[in-house]
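Peer 1: Supplied in structure tokens, the structure appears directly below.
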Amino acid sequence: MTQQPTPSALVSAFAPDGALRASINLGNPILAHRDPASGEPAGVSVDLAREFGRRLGVPVELVAFERAALSVDAVRAERADIGFFAVDPARGEGLRFTAPYVLIEGSYLVPERATIAENEQVDREGTRISVGAGSAYDLFLTREIRHAEVVRLEGAPRALAALRAGEVEVAAGIRQLLEAEAAREEGVRVLPGRFMVIQQAMGVPVGRGAAAQELLASFVEEMKADGFVADALERHGVEGASVAPAQEISVDAR
């Protein structure tokens, strides 16, 4: 089927200055990283940004951040036109999300000698859980944890280092990242299972309008359905993530 051109009004809604500025979160290595050769951002989210720009018929400018919270703020403040975030109620102000395109597990890392054996044993008095500040798992645990203490640090590497240094009893994060940390050096292990499913979606500033939100939502559904997301995961060697199921398009008109 021939792709229909995007109406000029919608192109202008996404790229008012003539280029599509895509906010890329390098703090999530499953979806984005710096290419070792060029130093430029690469990964699943970058592929999606470039494909969306191609469909709009505009160049793509990648705006990279080391933390999810900074990436979210850039889109919310319209310093970027689209972004790639984990869906969370705490991020809803000023943003509109698509349905998720990828699902990622959030898990816990503990010292090898720890008596904690299951996720349910983490939320206890005296337990400190390190997280990357502003991450999806930080937002989730802030709502859900009742007894343990959530320790917010600058990015996932610092959160993992805190566990190694004995500053906390548990580190929370993306399962793939935690498994890589456990494989890198003895002394820590990943708890079985997961404490949450991170839903990775695309987002647009609310001021761009319902039609722009609907176009982006339709794009995400098409990218899942035609295998683009699955191919990107395979191309970048991503394990521990799965393509999100199809969803009906629903536009929030707030």
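Peer 1: Gaussian network model of the chain, Cα springs within a sub-10 Å range: biggest mean-square fluctuation belongs to which of S12, S135, S45?
Peer 2: Greatest mean-square fluctuation among the candidates belongs to S12.
Peer 1: Please check: in the Gaussian network model of the chain (C-alpha springs, under 10 Å), which one of Q176, Q200, Q121 has the largest mean-square fluctuation.
Peer 2: Fluctuation is largest for Q121.
Peer 1: Further, regarding this structure: With the alpha-carbon atoms as the only input, what is the per residue convex hull volume for the range 1-105 in Å³?
Peer 2: Numbers: hull volume 13.2 nm³, N = 105.
Normalising the Cα hull of the range 1-105 by residue number yields 125 Å³.
Peer 1: Rounded to the nearest 0.05, what FRET efficiency is calculated for R164 and E78 with R0 set to 35 Å and r the Cβ-Cβ distance?
Peer 2: With a Förster radius of 35 Å, E is 0.35.
Peer 1: If you take every DSSP beta bridge whose two residues both sit in the range 103-196, what share of them, in percent to the nearest 5, is antiparallel? Provide the component values of the computation, followed by the final result.
Peer 2: Details: 8 of 15 bridges.
Restricted to the range 103-196, the bridges split so that about 55 percent are antiparallel.
Peer 1: Would you mind calculating the relative contact order of the chain from Cα pairs under 8 angstrom and at least 6 residues apart, reporting the percent as a whole number?
Peer 2: On the way: 504 pairs, mean separation 63.1, N = 254.
Result for the chain is 25 percent.
Peer 1: Tell me the mean residue ellipticity at 222 nm calculated for the chain from its helices only (DSSP H runs of n ≥ 4, each -39500 (n - 2.57), averaged over every residue, nearest 500).
Peer 2: The helix contribution divided over the chain gives -9500 deg cm²/dmol.
Peer 1: Have a look at the range 103-196 and give its Rg and Dmax from the Cα atoms, expressed in angstrom.
Peer 2: 11.5, 32
Peer 1: If you take the Cα Rg of the chain and divide it by 2.2 N^0.38 Å, with N the number of residues, what do you get?
Peer 2: 1.04
Peer 1: While we're here: Considering every pair of different Cα atoms, what Kirkwood radius, in Å, is found for the range 81-154?
Peer 2: Numbers: mean 1/r = 0.0705 Å⁻¹.
Every distinct Cα pair counted, the radius reaches 14.2 Å.
Peer 1: Over the range 103-196, what is the mean sequence separation of C-alpha contacts under 8 Å (at least six apart), divided by residue count, expressed as relative contact order in percent?
Peer 2: Computed value for the range 103-196: 47 percent relative contact order.
Throughout, read-outs are computed from the coordinates displayed, never taken from laboratory work. Given the structure is predicted, the values throughout are model-derived calculations rather than measurements. Using ideal geometry, Cβ is built from the backbone for each residue, glycine included, and neighbour counts are taken over all protein chains shown.
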